[in-house]
1. Collect the residues in the range 482-510 that are basic (Lys, Arg) and surrounded by fewer than 19 Cβ atoms within 10 Å (Cβ to Cβ), keeping them in residue-number order.
2. When you scan the range 142-167, how many residues do you find that are at pLDDT 80 or above and either out of contact with any helix residue (DSSP H, G or I) (no Cβ under 7 Å at 6 or more places or on another chain) or within 25 Å of Ile95 (Cα to Cα) (or both)?
3. Go through the range 300-332 residue by residue and tally those that are free of Cβ contacts under 8 Å to residues at least 40 places away in the same chain, within 18 Å of Arg499 (Cα to Cα) and not hydroxyl-bearing (Ser, Thr, Tyr).
4. Among the residues of the range 358-374, is any crowded, with 19+ Cβ neighbours inside 10 Å, more than 17 Å from Ala295 (Cα to Cα), in contact (Cβ under 8 Å) with a residue 40 or more places away in the chain and not polar (S, T, N, Q)?
5. Would you mind finding the one in Ala334, Ala272, Ala295, Ala299 that is aliphatic (A, V, I, L, M) and modelled with pLDDT under 90?
6. Determine, yes or no, whether Thr446 is within 33 Å of the chain's Cα centre (by Cα) and not in a loop (DSSP other than H, G, I, E, B).
7. Can you find, within the range 477-510, the residue that is nearest to Val397 (Cα to Cα) among those that are free of Cβ contacts under 8 Å to residues at least 12 places away in the same chain and assigned to a loop (DSSP other than H, G, I, E, B)?
8. Under the condition of being among the hydrophobic types (A, V, I, L, M, F, W, C) and surrounded by fewer than 17 Cβ atoms within 10 Å (Cβ to Cβ), which residue from the range 419-445 is farthest from Tyr487 (Cα to Cα)?
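The values are calculated or read from the model by the stated rules, or taken from the named source; none is laboratory data. Model, not experiment: these values are computed from the prediction. As a convention, Cβ positions derive from the backbone with ideal geometry for all residues, glycine included, and neighbour counts pool all protein chains shown.
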Amino acid sequence: MLGAWFIYTPQDLPFAGTALVAATLSVANMKFMLWGNYFTIVPDAQPFLHYWSLSVEEQFYMIYPLLFLLLFKYARKHKPLVFWLVGLASLTLCIVLTHYKPVWAFYLLPTRAWELIAGCLLAIWAGDAKIPERIKPILPVLSTAGLGLIIVSFFVIHEGPHFPGAWPVLPVLGSVAVMLPQCMLPGFSERLLSSSPLVMIGKMSYSLYLWHWPIYSLVDYKMIFASEAVRFSAKIGLSLGASYLSLRLIESPARKFLNERKNRPIAFAGLAVAIAICVSLGVFTRNTNYINAVASDVAKGGLVFPGQPGKPTVVLMGDSNGSMYGKVLKSICAELGYKLTVISVGGSDTLPFSNGQQNQLWTDALAVVKQEKPDFIVLACLWGERLDNATDRLETVLSAVRPYAKQIVILNEPPVLPKIASREQIRAGARPPFFEDQQARQIRVTANAFIAGLKSNHVRIVDIAPSFEGSNGEALYLDKEGNQLYYDPTHLSDFGTKRIRRQLTAALKP
């Protein structure tokens, strides 16, 4: 429905600012796409996940005004038809693409534009259409029905990989129906939505959008053992409080300031500075806390963190289970003065395939090793999965890199948490101790036993598994201070990786 809002208040969103915001947020949107399914990402660990939708909104604001102006000037009578056709094409694409590329259907403007175009059509209709007198009495009924449709949507639409598809039609139609009887005698929905509490919530809606998910995520993460009632109260109270302060102290003054034409150059400059600061802080935070390469980085020589001249060099290889050690390894190398080159790639299999099929990522990684000739290669993967019935893959790696590296350091795999050990299940009442699934444990133990047998003068094994196993064989979810040792079932948290810092440091001594 934001299309309707744009027609009525275009001065609130200057085009140049929109373009700048859209360009920045589009990068974030692509990041979310690369992460995969929106609904499988650990929700309380991604407090800014919902901001991807801002990129879609801002991209729409870049295109829609130009299209509207062209139609208004050259084809005024055909505006509704054109928007109907574009909207139907977008909806059709959304429904079809959800079955084949659900991630694309969820994130991209072409598949979500129809929801915004519905607001455009409503605004055009409200401005141009002459409503017959005989139809006016039924408009309040449609409004109430629309409100009901929105309420029904809360119960019939569920998260999952098959969303959006056609499901958003329900709340969009409901929203259109609620907004139809403008300037008419108010019906039930108008009286309800005009009540003071709901009007205030409406005024705070954008601030609520910005604040609610970060607050929900952080409350769920930090108050993991609190009752649902306590967490719910904290979420609602903090969200409403932060949103009200944002509305009064930031949003309303900013809107008033921006609506004065003389202030727009200052606004543009301030926006550019704010985006530059936020992007810089975001990149710094991400690069500091998650040291992970992508395939293009590996092809270019990896992520390089320089060390002191004459000091040893280290290459970090592996998948996401390698990258999870990136932060602690970077800290160790900085302390020792070592140069660190990261070629571990999360979400990818960096090992050569057993069937001899060419793996470009492995080829590029080996090229980096040949070029660097490092003193140490640190190798970590999700070994239970990578080596299951394919131990020759690791043997191939060792044979290929041994001529170019003085020492190869392999970190074995820690216990895999069972499904019941997720933060969602813990908030629902599950409590430690958590025992590894027997099948997963057998696969992991077998892989670790194979890795232990590779120890030699050139291969050092860092046995980290015991650091995450209790006296009764349980997987340790918390340390003695109550810090979570795992990020998810197969990845350690920062507290977890710090737990093996001494072992890793010792393994990197000449």
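1. First pass over the range 482-510, keeping only residues basic (Lys, Arg): 498-499, 501-502, 509.
Once the filter is applied, which keeps residues that are basic (Lys, Arg) and surrounded by fewer than 19 Cβ atoms within 10 Å (Cβ to Cβ), the range 482-510 yields Lys498, Arg501, Arg502, Lys509.
2. So the answer is 18.
3. Result for the range 300-332: 2.
4. yes
5. The match here is Ala272.
6. Answer is no for this residue.
7. Once the filter is applied, the top-ranked residue is Lys509.
8. Val445
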